[in-house]
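> The structure that follows is given in the form of structure tokens.
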Amino acid sequence: MNDAQMIQTDLGTVLTREEIRQIDTELAHVPYKAGAAIDALKIVQTQRGWVSDESLRAIAKHLEMSAEELDGVATFYNLIYRRPVGEKVILFCDSVSCWICGCDGIKAKISAKLGVDYGETTTDNQYTLLPVPCLGACDRAPVMMVGDDLITHLDEAKIDQLFSDVTVEDSASEGEQ
Amino acid sequence: MPTIFVDGQELQVKEGANVLEACLSAGIDLPYFCWHPSMGSIGSCRQCAVVQYQNAEDTNGRIVMGCMTPVSEGARFSLNSGSGADQDIDNAVDEAADVTTVEASIDVPTKVPDKGREFRQAVIESLMLNHPHDCPVCAEGGECHLQDMTVMVGHRDRRYRGLKNTHRNQYLGPLISHEMNRCITCYRCERFYTDYAGGTDLSAQASHDHVYFGRHQDGVLESEFSGNLVEVCPTGVFTDKPLLKQYSRKWDLQSAPSICTGCAVGCNILPGERYGKLKRIHNRYNDEVNGYFLCDRGRFGSGYINSDERLNYAGVRDFNGEFSAIKGGEAIEIAARWMKTQEGAKNTQKIVGIGSPRASLEANYLLRELVGKEHFAAGFGDRESQVIHRIAAILKTTRAKNPSIKQMETADAVLILGEDVTHTAPRVALGLRQAVRNKAYELAKQAGLAVWQDAAVRNLAQDQRSPMIIVSATETRLDDIASQTVSLAPQEIALFGHAVARAIAGQPSDDAAVNEAAAALKNAQRPLVVSGSSMLHSAIVDSAAAVADALLADSTPTDSTPTDSSPTDSTPASCNSMLSFCLPECNSLGLALLSEEQETISRLLDRADQIDVLVILENNLSRRISEQQINKLTSSGIRIIALELLDNDLLASCDLVLSAASYAESEGTLVSSEGRAQRYYPVFPEAYERRASWQWLLDLAAASGHSELAELQHFDQITEACGASNDLFAPLAGVSPDHNFRSHGQKIPRQTHRASGRTAINADVSVHEPLRKLDPETPLSFSMEGLNRDQPASLTPFYWSPGWNSNQSLQKFQSEVNGPLRGGPVGQRLIEPQTNGISQSSDFTPLRIVQKGTWQLVPIYRVHGSDELSVRTAEVAELAGEAFIAISSELAAKLEVVDGDGVKINLVAAAGIDSFELSLSVKILTRVAPNCVAYSAGYSSTLALQPGALAQLSKDPDWQRATPQLIASDRSSHASAPQNNRPSPDTDIDKGRDRGEPPHV
């Protein structure tokens, strides 16, 4: 099967018109097509939540790069998700300031509340929990981001409040225990 | 030359070198990983740390990376800092550490003086955190750079008790095995594959402690140079897959200096053998030719030597047309009887010989002498003969230099006429990839950067390259680095070349592309023109010569040497014009120099009725002449004697078949396309009744009563006689020492001093220690006794040095990093540029008129598939795939076909071409000349197609798409079914008789 056929047969493997428009805007700012690689990945991730192998190949084709070259870029950055994530990604800071301010306990609380450890997604596909080295808000530690929101001065009450609508299903954490 | 001090030792070092290079060149063992002599420094592994001191008073010093620190006058460094007393303290501390517990050894107060060594130990220790303890099952074990370095820095005890990172390995095709867990993230694989060789399908992925080197998804590595990963990787991530199937350790391999027979480039190789099987091929360094790298055909394409289809015994055809195996002596007697009867007869034109461009110069020479010059045809196809002899004639008269690959790498403008160099002379293409980087080096020089600052130089240059103009009929594998590509039909390529020549001489063309190419070459200091025989078009090689000549005529003779050009220098090309031709086979040029153009196979066949005996030397004529000609030959009643190594279609029509030894079992001289005569030596003794072709022919000469040849006894004497036969061959005697040469009073051993199992290796047959095979023809012995040290470079059988078990031990054999080998040059150049070259004719009129509705056929070559012998290797055959017809996307749309569909090709009858029809699978090309379609040349199903023939195309409605085949790597594990059932002259008698005598007939 050649590329043309592949694209015809599987719509998941092509870029949408909107994605192409946004990527082309970025392309106008760089001397080499490959220079827009990171932006293109971010654009597709914004649209699709994550960057699948198929999406990655479609971007590579558009940027005239090999899939290997682009994958080298995509996998280098922690925040380009090469595996599916939940609706919102929780970026939980476990760096030194947050650690001093007791982030370990908060993390345990989140894990208990949502039934997920680092790298896992809740069964309702709402949240993915990831560690992050710093969010640049040490003065308000402990902190984390939920989706696009920065949440500061974390404590257990705040966690309860944030995730009040979430109920843990037993099966979610079964395998991990 | 600056002077530096290393541990108090005064070193004269090369200007502009880095400390690591300087140390290694001086013979000082400084560990390293990420640095590679041909790829420069990136300073990523931190292994070559040394301490640098401000001045003589500075006792503290600071840690710097050897590979990233340029040498400067009076600079002071130390590897094992402190000397004398400090050293004693170190030893005392080390000893203390040995007896104390692991815990305690950490707490031993670290002594200040040995910062560098401690640092290097710490680096190794961290690299080893995730490295598995699998050396006993690792193919790299025993030749592992990581093992060597670990021992060198003295890291012995593992303190880390945690889990190791593990990775999923990828399927990378039939040639390379992947084991990511062993990776130490030196990045050499990616730097070689992507930066050096231009591959796009291997990359460094992820970051920090889960870096991964591999493809985006499982699949065959696309680069023609992927095999070098095996040698570039300092540990066992990328290993030789065919070797894994029949594994032996490096120290058990018997090896000898050899020359690759895969194409005409003449790369130097080190094949390794054990149990009578060729196990693997490693690179043999030759600074002028292949440097550190080989192509995949060269590295993996010799599996045919172990093939079941090898001829093991001589065979004679009886009245029923059946072959019976006979003893060698008997075969010679039969042949002599046939030949002798004729000698007394009145007609002297009775015995004729056909030589071979894939046989040694000596064997061809012997055959020519045996049958007489006038009865000897070179064994090229008719058109091939014309082009190759034309190339030989040009090389003999031109004033341009026929460059080595090392010289090609200095070219600052390249014009390629009609070649896909990556497929016709792969190693040259790798050199051309380095040539376009001269622009980057120029920029680096302007910026004050050392050229070994690899990452910085690449960043600086981005995609700025020296000009490379590719004029070809179809897309080539160098298109990605070309400044300009032009798609033209073969006859127009020649016109383009001539137009460029005229433009250089001051007559601009109407074609802007021509003028652009001419300007690029004219502005270059060291322009290079590359062409070759692949289009079988003499006018193309003529036009290439015309360009090279025009560049010389254009220049005013200056004394400037290539190295002293300043960046601002804009003087036109001086006498450094280079002209290189790609030739098809390993001895094409040698044979062309040995033979006359007019004696072609066709001419010989024209007088078939006057011939009684035909001797064919290692030449499968069905690849050279048409089926009709073959039929004419076989039905003519001529007695045909063929010397051959592998069974082929032609042999069934022969009367006597003599089992020839392969290049790995015999000695010979080959002349590369550079005009370099190089010697190969037997790696292992011939098994069964295989004998070197020269040996068969010598016996034949003696038995048939040839008085002059009968006097020759030794291989050396043939070489000598051959050298005396022609002025050009005079340097042959100096190619390599003769068989009487002794190193340290002994023959040079082909086996390492650690070779195991000498007495047990044949225990399944006999428990008695086998008699060592003697080798009276060469200065090498089939033994482990003797010294592999200080011998001439042309006789180095393997690279090993104390402490350096890996191939990196090579640096102990070099005069300096990247320098020539210590033991003198390897090979002798036979042809040097002439001072009074004849100028080439610059005029040419194309003759072919393409009729409407027809397409001109042009050949496409494949590194895996187009070569006759290598494709008889299972892995190569798998990569070669099926024959194809390659067309433009417009034509595909018109024919309503996509990749993999079938197209019916109707050859239009013309002079010498009969109308003919066949169907081939379609490949769609991105770039192809107007009115041209390309076919995979050299594939057995496309032998009837000729370059330049006209064809009509139509979709083949009955075409069956190829179904995915069982891959070769799986096939060997399903080995219950025989791979090939074709009858061969000797397969029947061979069954179950691996070591026995031939049966009595």
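The values are calculated or read from the model by the stated rules, or taken from the named source; none is laboratory data. Bear in mind that the values here come from a model prediction, so they are computed numbers and not experimental data. Methodologically, a virtual Cβ is constructed for each residue, glycine included, from the backbone with ideal geometry; neighbour enumeration extends over all protein chains shown. Ligands, DNA and RNA are excluded from the accessible area calculation, which covers all protein heavy atoms including side chains. Shrake-Rupley method; radii C 1.70, N 1.55, O 1.52, S 1.80 Å.
> For region A:3-74, what does the accessible surface come to per residue with a 1.4 Å probe? Please give it in Å².
53 Å²
> Another question, then. Report the accessible surface area buried between chains B and A, summing both sides, using a 1.4 Å probe on protein heavy atoms only, in Å² rounded to the nearest 100.
The contact between A and B buries close to 1200 Å².
> Right, another one. Ignoring everything but the protein chains, give the 1.4 Å probe accessible area of B:MET152 in square angstrom, nearest 10.
So the heavy atoms of B:MET152 present about 60 Å² to solvent.
> Please give the peptides A:54-66, A:28-40, B:134-146 ranked by average Cβ packing (other Cβ atoms within 10 Å per residue), highest first, as a rough proxy for protection.
Ranking, from highest mean packing down: A:54-66, B:134-146, A:28-40.
> Any idea what log10 I(q)/I(0) is at q = 0.15 Å⁻¹ for region B:714-782, Debye with uniform C-alpha scatterers and no solvent?
After summing over all Cα pairs, the log10 values are -0.66.
> Right, something else. Could you rank the peptides B:353-363, B:812-822, B:871-881 by their average count of other C-beta atoms within 10 Å per residue, with the highest value first?
Result, highest mean Cβ count within 10 Å first: B:353-363, B:871-881, B:812-822.
> List for region B:184-207: residues with 20 Å² or greater reduction in accessible area, all protein chains versus chain alone, probe 1.4 Å?
Buried by the other chains: B:THR200, B:SER203, B:GLN205, B:ALA206, B:SER207.
> Need one value for B:215-226: mean number of C-beta atoms belonging to other chains within 10 Å of its residues' C-beta atoms.
Taking the mean over all residues of the peptide, I get 2.
> Still on this structure, please answer the following. Heads up, I need the accessible area for B:THR796: 1.4 angstrom probe, whole protein in place, Å², nearest 10.
10 Å²
> Quick one: what are the phi-derived ³J(HN,Hα) couplings along region B:626-635, Karplus 6.51/-1.76/1.60 with θ = phi - 60°, whole Hz, x for glycine and proline?
Each residue of region B:626-635 in turn: 6, 4, 4, 5, 4, 4, 4, 5, 6, 8 Hz.
> Would you please put B:25-33, B:667-675 in order of how densely packed they are, using the mean number of other Cβ atoms within 10 angstrom per residue and starting with the highest?
B:667-675, B:25-33
> Could you compute the FRET efficiency for A:ALA112 and B:LEU129, with r as their C-beta to C-beta distance and R0 at 56 Å, rounded to 0.05?
Efficiency at R0 = 56 Å is approximately 0.95.
> Can you run phi through the Karplus equation (6.51, -1.76, 1.60; θ = phi - 60°) for region B:747-757 and list ³J(HN,Hα) in whole Hz, with x for Gly and Pro?
So the J values, rounded to whole Hz, are 5, 8, x, 7, 9, 6, 6, 9, 3, 10, x.
> Taking 0.36 nm per intervening residue step and subtracting the Cα-Cα distance, what contour gain separates B:GLN462 from B:THR835 on full extension?
130.3 nm
> Please report, as a whole percent, how much of the solvent-accessible surface of chain B comes from carbon and sulfur atoms (probe radius 1.4 Å).
So the carbon and sulfur contribution to the accessible surface is 50 percent.
> Restricting to DSSP loop positions (anything but H, G, I, E, B) with no more than 14 other Cβ atoms inside 10 Å of their own Cβ, which chymotrypsin sites (Phe, Trp or Tyr not before Pro) remain in region B:299-406?
Of the chymotrypsin sites (Phe, Trp or Tyr not before Pro), the ones in loops of region B:299-406 whose Cβ has at most 14 other Cβ atoms within 10 Å are B:PHE319.
> Another question about this same structure. Accessible area of region A:20-95 with a 1.4 Å probe: how many percent of it is carbon plus sulfur?
Carbon-and-sulfur percentage of accessible area, whole number: 51.
> With angles folded into 0 to 90 degrees, how steeply does helix A:37-48 sit against the dominant principal axis of chain A? Use alpha carbons for both and round to 10.
With rounding to tens, the tilt is 70 degrees.
> Still on this model: Report the trypsin sites (Lys or Arg not before Pro) located in region B:583-666 that are in a DSSP loop and have at most 12 other Cβ atoms inside 10 Å of their Cβ, or state none.
B:ARG607
> Separate question: Could you state the per residue volume, in Å³, of the convex hull enclosing the Cα atoms of region B:898-937?
Cα-based convex hull of region B:898-937, divided per residue, equals 93 Å³.
> Let me ask something else. Compute the accessible area of each residue in region B:871-907 twice, once for its chain alone and once with every protein chain present, using a 1.4 Å probe on heavy atoms, and list those whose area falls by at least 30 Å².
The answer is B:VAL898.
> What are the ³J(HN,Hα) couplings of region B:801-810, residue after residue, when phi is run through the Karplus curve with 6.51, -1.76, 1.60 and θ = phi - 60°? Round to Hz, x for glycine and proline.
8, x, x, 10, 7, 7, 5, 5, 4, 3
> Further question: Rolling a 1.4 angstrom probe over the protein heavy atoms, how many square angstrom per residue are accessible across chain B?
Each residue of chain B exposes 39 Å² on average to a 1.4 Å probe.
> Across peptide A:70-81, how many C-beta atoms of other chains are within 10 Å of each residue C-beta, on average?
4
> A further question follows. Looking at the square roots a ≥ b ≥ c of the eigenvalues of the Cα gyration tensor of region A:88-168, which shape do they give, rounded for a/c under 1.5, prolate if a/b is larger than b/c, or oblate?
prolate
> On to the next question. So for the pair A:ASN125, A:GLU64, with labels modelled 7 Å out along Cα→Cβ, what separation do we get in nm?
Spacing of the two 7 Å Cα→Cβ label points: 3.8 nm.
> Provide B:ASP867, B:ASP114, B:ASP318 ordered by accessible surface of protein heavy atoms (probe 1.4 Å), highest first.
The residues order as B:ASP318, B:ASP867, B:ASP114, largest area first.
> Next up: When you have a sec, figure out the Kirkwood radius of chain B from all distinct Cα pair distances and drop it here in Å to one decimal?
30.2 Å
> Here's another thing I want to ask about it. Averaged over its residues, how many other protein chain Cβ atoms are within 10 Å of peptide A:55-62's Cβ atoms?
1
> Given H placed 1.01 Å from N in the peptide plane, which residues other than close sequence neighbours of B:GLN205 have an amide H under 5 Å from its amide H?
The list, which skips near neighbours in sequence, is B:TYR212, B:PHE213, B:GLY214.
> Under the 0.36 nm per residue contour assumption, what length would be gained going from the current alpha-carbon distance of B:PHE741 and B:ARG62 to full extension?
That works out to 239.4 nm of additional length.
> For q values of 0.04, 0.06, 0.08 Å⁻¹, compute log₁₀ I(q)/I(0) with the Debye formula on a Cα-only model of the protein assembly as shown, without solvent.
Debye output, listed in q order: -0.25, -0.56, -0.98.
> Which number do you get for Rg(Cα) / (2.2 N^0.38 Å) in chain A?
Relative to the 2.2 N^0.38 Å estimate, chain A comes out at 1.21.
> In nanometres, what is the gap between the two model label sites at A:LYS158 and B:ARG156, each 7 Å from Cα along Cα-to-Cβ?
5.4 nm
> Out of all Cα-Cα pairs in region A:3-74, roughly what percent, to the nearest whole number, are more than 18 Å apart?
The calculated P(r) of region A:3-74 puts 30 percent of pairs beyond 18 Å.
> Mind checking region B:121-200 for chymotrypsin sites (Phe, Trp or Tyr not before Pro) that DSSP puts in a loop (not H, G, I, E or B) and that have at most 13 other Cβ atoms within 10 Å?
B:TYR160
> Taking the Cα atoms only, what angle lies between the long axis of helix B:85-99 and the longest principal axis of chain B, rounded to 10 degrees?
80 degrees
> Here's a follow-up. If you count only protein heavy atoms and use a 1.4 Å probe, how large is the accessible surface of B:PHE5, to the nearest 10 Å²?
50 Å²
> To the nearest 500 deg cm²/dmol, what mean residue ellipticity at 222 nm is calculated for the protein assembly as shown from DSSP H runs of n ≥ 4 alone, each contributing -39,500 (n - 2.57), summed and divided by the residues?
-8000 deg cm²/dmol
> For an R0 of 30 angstrom, estimate the FRET efficiency from the Cβ-Cβ distance between B:ALA730 and B:LYS373 and round to the nearest 0.05.
Working from the Cβ atoms, E equals 0.95.
> Next question. In nm, give the distance between the simple-model label positions of B:ASP914 and B:GLN217, each being 7 Å from the Cα along the Cα-to-Cβ direction.
The two pseudo-label positions are separated by 4.7 nm.
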